[in-house]
Amino acid sequence: MATKLPLLTRKSIKEYEPKLQECLDKLGQAIGGTWTFDADFPALYEAVSADYKSRLGEIVYGSYMVAFTENVVKLAEDEMTKEAIEEAAPNKKIVFQLGPVADDATERNHDIHFNDGNINIIVPVESFWCNVDYVGRYIEKRL
């Protein structure tokens, strides 16, 4: 049975939806197309520390996606990088998930992978909301 998120968590997600849309729009302007985002908030809620449970919108949309967008938009100013991202992520979808980072990850607190035409942001639960500013900064190493 899926976890029903508590009111404060749902309100946090709702409050930060405009920030998410702003990020997706910026990615569309920088790379092209209409971008989407997916996160399993009930799974995140179950896995993260109690300190973060009511702030998932702020953390995922307002921190991870903002940092990812800023870093990727800056890198996409280079035409070759922009084209490489377009080719690696034809679905124009970002998937946020908890999981281990690869052994070759540039950052131990998060990783980026291109899977099935999507960009996956992978964060170990023990590093949730750590060094968020670097998310996406080294995406070129995955292209």
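The values are calculated or read from the model by the stated rules, or taken from the named source; none is laboratory data. Quick caveat: nothing in here was measured; it's all calculated off a predicted structure. Please note: Cβ atoms are built from the backbone with ideal geometry, for glycine as well, and neighbour counts cover all protein chains shown.
Which of the numbered conditions does GLY57 fail, given that it passes all the others? Conditions: (1) modelled with pLDDT under 95; (2) within 19 Å of CYS23 (Cα to Cα).
Against the list (1) modelled with pLDDT under 95; (2) within 19 Å of CYS23 (Cα to Cα), GLY57 comes up short only on (1).
Are there any pairs with C-beta distances below 6 angstrom linking a residue in region 55-83 that is in contact (Cβ under 8 Å) with a residue 24 or more places away in the chain and among the acidic types (Asp, Glu) to a residue that is surrounded by 19 or more Cβ atoms within 10 Å (Cβ to Cβ) and part of a helix (DSSP H, G or I), with the two at least 6 apart or on different chains, and if so which?
Cβ pairs passing all conditions: GLU58/SER12.
Name the single residue, out of those in region 89-114 being within 21 Å of TYR61 (Cβ to Cβ) and among the basic types (Lys, Arg), that is surrounded by the most Cβ atoms within 10 Å (Cβ to Cβ).
Per the criteria, the residue is LYS92.
Evaluate the following for LYS26: is it touching a Ser or Thr at 6+ places or on another chain (Cβ under 6 Å) and either of a type in the set (Val, Ile, Thr) or surrounded by 13 or more Cβ atoms within 10 Å (Cβ to Cβ) (or both)?
Judged against the criteria, LYS26 is a match.
Check GLU17 against each of (1) out of contact with any Phe, Trp or Tyr (no Cβ under 8 Å at 6 or more places or on another chain); (2) surrounded by fewer than 17 Cβ atoms within 10 Å (Cβ to Cβ); (3) not aromatic (Phe, Trp, Tyr) and name the one condition it does not meet.
Evaluating GLU17 over (1) out of contact with any Phe, Trp or Tyr (no Cβ under 8 Å at 6 or more places or on another chain); (2) surrounded by fewer than 17 Cβ atoms within 10 Å (Cβ to Cβ); (3) not aromatic (Phe, Trp, Tyr) leaves (1) as the failure.
Inside region 119-139, can you point out the residues that are touching a residue at least 40 places away in the same chain (Cβ under 8 Å) and buried (at least 16 other Cβ atoms within 10 Å of the Cβ)?
Within region 119-139, ILE121, VAL123, PHE128, TRP129, VAL132, VAL135, GLY136, ARG137, ILE139 qualify.
I'd like to verify a number: residues in region 67-88 that are crowded, with 18+ Cβ neighbours inside 10 Å and in a helix (DSSP H, G or I), how many?
8
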